[in-house]
1. Give the aspartates and glutamates reachable from Lys170 as a straight Cα distance under 14 Å; neighbours fewer than 8 places away on the same chain don't count.
2. Kirkwood Rh over Cα pairs of the stretch 35-107 into Stokes-Einstein at 25 °C, 0.890 mPa s: D in µm²/s?
3. Quick one: of the DSSP bridges fully inside the chain, what percent are antiparallel, nearest 5?
4. Let's see if you can work this out: charge +1 on each Lys and Arg Cβ, -1 on each Asp and Glu Cβ, no other charges. What is the dipole magnitude of the chain about its Cα centre, in debye to the nearest 20?
5. Could you please report the charge total around Ala226, scoring K, R as +1 and D, E as -1 over all other residues with beta-carbon less than 11 angstrom from its beta-carbon?
6. If you average the sequence gap of Cα pairs under 8 Å that are 6 or more apart and divide by the length of the stretch 95-206, what percent do you get for the contact order?
7. Can you tell me the orientation of helix 55-69 relative to the chain, as the angle in degrees between its alpha-carbon axis and the longest Cα principal axis, to the nearest 10?
8. Arranged from highest to lowest average of other beta-carbon atoms within 10 Å per residue, in what order do the peptides 94-106, 28-40, 58-70 appear?
Amino acid sequence: MNHLEGLIAATYTPLTADNSVNLAQVGPMVEHLLARHVDGLFVNGSTGEGMSLTSAERKALASEYIAAAAGRLPVIIHVGHNSLAEAADLARHAASAGADAIAATCPSYYPIRSLDTLIDSMAQIAAAAPQSPFYYYHIPALTGVDLPMPQFLAEATERIPNLVGLKFTKPAVDEYQRCLEFDNGRFDILWGCDEVLLSALAVGGRGAVGSTYNIVAPLYRELLSAFLEGHLDQARRLQGRAVELIDAIARYPFHPAMKRILAWEGVDCGPARLPMPALTETEARKLREDLISLDFHELVAHDAVVRAAI
């Protein structure tokens, strides 16, 4: 598998008002993202509330996203679980459903304190789908596991033959750079912090996975183009605009607010599941006002009807 480049959207899980998975909205979600020219999909991760879904629901979503993508862009399926047996079963299913790659966070209820334990855990998952490219999903803010990733790459190589890289969701650009450069750039290191995408590009990043790519992919595409063309002032300005948007959304329950914005863009993903809090109608009105005050209403909605709704 070649290194993935560009913007990979961490997809949302559409839910109905009663919190059931709404598979009928997966197709429209994929078309929404294709229309905004994202370069890949990352399914059932943190953004997609993967840890709040049953294994059956995760399998159904994986199959639906892969079918809806229909080979038009790569689909990575996240299979991390506190039960390694469940994670392995999800990996086998993702491979059989046609996923382009699988990814996994580590079990996090019981603390992992050594690289050996982390590698053994990931090896058990990856071995369930030995022909599928495997990414370790490094997100210490949620797992509590913050072991050195350059050393992980060095020691995991022999024990996880299908390891192709990391989803690196930690704002530590120095460590990220060391991972990018490890063994002459052998591994695909996907950046996972939208707020500092430009910093990752500056040290050699080529692919990134993000939540806010769902709503303002054109802004990030312009940022990428400005950087590659050497227009650094423009790239910095665009990164600043992304930070403004993220800061505005973060004043509210983040993923419920993102789902509301997606509904304004024409893709109804419903509410979020507990333990995420609900977005109240008062908060939704204030969020709408914030977007308008920051002139983001035209960025997050690309036609006049939707802009009027905002």
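The values are calculated or read from the model by the stated rules, or taken from the named source; none is laboratory data. Since we're looking at a predicted model, the values are computed, not measured. Quick reminder, even Gly has a Cβ in these numbers, built from the backbone with ideal geometry, and neighbours come from all protein chains shown. Ligands, DNA and RNA are excluded from the accessible area calculation, which covers all protein heavy atoms including side chains. Shrake-Rupley method; radii C 1.70, N 1.55, O 1.52, S 1.80 Å.
1. Of all the aspartates and glutamates, those that pass the test against Lys170 - Cα under 14 Å, at least 8 places apart if same chain - are Asp146, Asp194, Glu195.
2. 203 µm²/s
3. Within the chain, antiparallel bridges account for around 5 percent of the total.
4. About 220 debye.
5. Residues close to Ala226 contribute a combined charge of 0.
6. Result for the stretch 95-206 is 23 percent.
7. Once rounded, one gets 70 degrees.
8. Going by the mean number of other Cβ atoms within 10 Å, highest first, we get 94-106, 58-70, 28-40.
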